[in-house]
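The block underneath contains the structure these notes are about, expressed in C-alpha cells.
Values in this text are rule-based calculations from the coordinates and carry no lab data. All of these numbers come straight from a predicted model, not from anything done at the bench. In this analysis, Cβ positions are derived from the backbone assuming ideal geometry, glycine residues included, and neighbour counts consider all displayed protein chains.
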C-alpha cells in the first residue's frame, strides 16, 4: 500500500469526492427539515424542498403581485450592476495607481504611505459618511465597493510591478524605451493578468460591501431582499437567494479565470517548454 | 582614435566596503573583452557601471570621449544570465519591440510600411541567431539556450556600440555553451561591436574574445576582506596567453575565492 501522501484520486473519483460534502449537507438538511416539520408543520426555519421549490418558482418565474416585475431578476440585475460598476471602477483605479506607484519611485514616495493609511480604514465605518455625502441612491453603494476594494488592488498591483525582474526593465531601457513606453509595453501588459487575479481575490469582499450597503438602504437588490424577508423569517426565500448569490459569485470567478486564460496564454503556461 | 570606453581612476564603494579601486582601462572599438575573476571581485559591479545602472564613487567613465550617460540606453545592449526577454511577447515581437520603442515614442507600436520594414529586420536577426522557425513561440516555450539567443537578437537588432554580457551562458549545458560561443563570435566578427563579457569559466575567456581582463583584489587584509577593492590584475591580448599564465591566473583567482569564502563563513 502506497503512503497516503502518494495516493491520488482518478478524475472520476475526484469529482465524486468533491460532490460528497454537498450531498452530505443536502442530506443533513433533509433529515433535519423533516424532523422539525414532523414536530410542527408550520415551522419556518428549515422549509422542505417542496416549499423551497414553490418559492423559487414564485420568485424567479412569476411577476410579483405588488410591482408586476419578477423579483429575482430585478434584484439580480440591480446587484450585478452595482457590483460591476464598483469593481470595474476599483480595478481601473487599482491599475492606474498600482502601475504608477510600482513604476515611478517619486510617485511611490509621495503616495504609498497615504494609500497604506487609506487601506487601514474599515470601509464599513465610512458607510454612514458615504450615505451622507452621496445620498441613499446608487452612488453610495458603488462608492462603498470602490472604497473597500481599490486600496487592496492598488497595493497588490504595486507589488506585482515591483516584482517584475529588474533585468527586464533595464533591458527595455537599452532598447530605447522611455518611462512611458516601458510602462505601456512592458509593465502594463504583464500586470493585466495579475489585475484579474487581484479582482478575483477581492470579489468576496466586494459582495460583502454590496450586501451590507443594500441591507441598510435600497429598494431592490439581492442583499436588500434577504434582509427584507428576514422580518418574516422567510427562510424559504432567503436560502434560495443565498444559493443564487453563491452561484453568481462562482460563475463570475470562473468567467474571469477563463478570460485570463484566453487573453494571456503566456501567463498561464509558465515553465512548460 | 578616441577609445570607445576610457576609464580614469575609477572607484566604487558601498559604505565602507570598497568594491573597485584605482581602475584604469581603455578599450578600442571592436575589441572583445572577457572578464574573469573570483566572485565578489566587482565584475558585475563593473558591468553595471558601464550600463549606467550604478554611478562611480570616484573617477570617470568616457564613452567615445564623452561622459557615460547615467542610465541605460540604446548605445549599450545587455544580455543577463536570466530574465532578459519579455515573457508576454512572442519571439518575433520580443525582437520587434526595440525598433517599435525607437520609432514610436508615443504609442510604442509601429504601423504600415515602418512596421513591415521593422518586421523584416527582426526576422533577419532571428534567422541569424537560429530562431527563424520559432517566431510565434513565447519565451516560456523555449529552452534556456534559445532564450539567450533571443536576448542576443533583441539587443543586436538595435545596433548598439557596446554589448554587455553578464555570464550569459552560465546556466546552459556545456554542449549548448559551445554553440553559443560560436554564435557570439560570429555575430561579433560580422559587426564592429565592442563586447564586454563576464564569465566564470577561464577557458571560455581564452576561447572567445581578443582581450582578457582579470579582476582580483590588489591587496589582501585577512581581518577585513572588504577594506580593499579589486582592480584589474591581468590585462592581456588573448593570443599572448599561454598555459603557464592560465595556470597562474587560475591559482590566484582560487586563492582570492577561498579568502572571500573564509571571510564570509
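Kirkwood analysis of the protein assembly as shown, using all unique Cα-Cα pairs, places the hydrodynamic radius at 28.4 Å.
The simple spin-label model puts a point 7 Å past each Cα toward its Cβ; for residue A:23 and residue A:262 those points are separated by 3.3 nm. Per-residue ellipticity at 222 nm, computed for chain B from helices alone with -39500 (n - 2.57) per DSSP H run of at least four residues, works out to -11500 deg cm²/dmol. So how far, in whole Å, is the C-alpha centre of the range B:162-230 from the one of the range A:141-171? Centre-to-centre (Cα) distance: 38 Å. For residue A:45 and residue A:96, the FRET efficiency from 1/(1 + (r/R0)^6), where r spans their Cβ atoms and R0 equals 56 Å, is about 0.70. Among B:188, B:11, a tally of other beta-carbon atoms within 10 Å of each Cβ gives an order, fewest to most, of B:11, B:188. Calculation over all alpha carbon pairs of chain B in 5 angstrom steps from 0 returns a P(r) of 1, 6, 12, 16, 17, 16, 13, 9, 6, 3, 1, 0, 0 percent. Computed over the range B:30-128, the quotient of the alpha carbon radius of gyration and 2.2 N^0.38 Å is 1.34. Between the range A:62-121 and the range A:181-215, the C-alpha centres lie 9 angstrom from each other.
Let me make sure I get this right: for the range B:127-178, a, b and c are the square roots of the gyration tensor eigenvalues over alpha carbons, sorted descending. Under 1.5 in a/c it's rounded, otherwise prolate if a/b > b/c, else oblate. Which is it? Verdict is oblate for the range B:127-178. Placing pseudo-labels 7 Å out from each Cα toward the beta carbon at residue B:201 and residue B:258 gives an inter-label distance of 2.5 nm. Multiplying each eigenvalue of the alpha-carbon gyration tensor of the range A:104-180 by 5 and taking the square root yields semi-axes of 36, 12, 10 Å, largest first, rounded to whole angstroms. Remark on the range B:86-159: hydrodynamic radius 12.1 angstrom, per the Kirkwood mean of 1/r across alpha carbon pairs. For chain A, adding -39500 (n - 2.57) for each run of n ≥ 4 DSSP H residues and dividing by the number of residues yields -25500 deg cm²/dmol at 222 nm. Just so you know, the Rg over Rh for the range A:217-265 is 1.23, from Cα atoms, with Rh as the Kirkwood radius. Residue by residue along B:84-91, Cβ atoms of other protein chains within 10 Å of the local Cβ number 6 on average.
Footprinting exposure proxy ranking of B:102, A:141, B:12, fewest other C-beta atoms within 10 angstrom first, gives B:102, B:12, A:141.
Shape class of the range B:50-201 from the alpha-carbon gyration tensor: oblate, with a/c at 1.5 or above and b/c at least as large as a/b.
A crude spin-label estimate for the pair residue A:36 and residue A:60, with each label 7 Å from Cα along the Cβ direction, gives 2.1 nm. Computed across the range B:159-265, the Kirkwood radius stands at 15.6 Å (inverse of mean 1/r, all Cα pairs). Binning the C-alpha pair distances of the range A:71-262 at 10 Å intervals from 0 yields a P(r) profile of 9, 31, 30, 18, 8, 3, 0 %, listed from the shortest bin outward.
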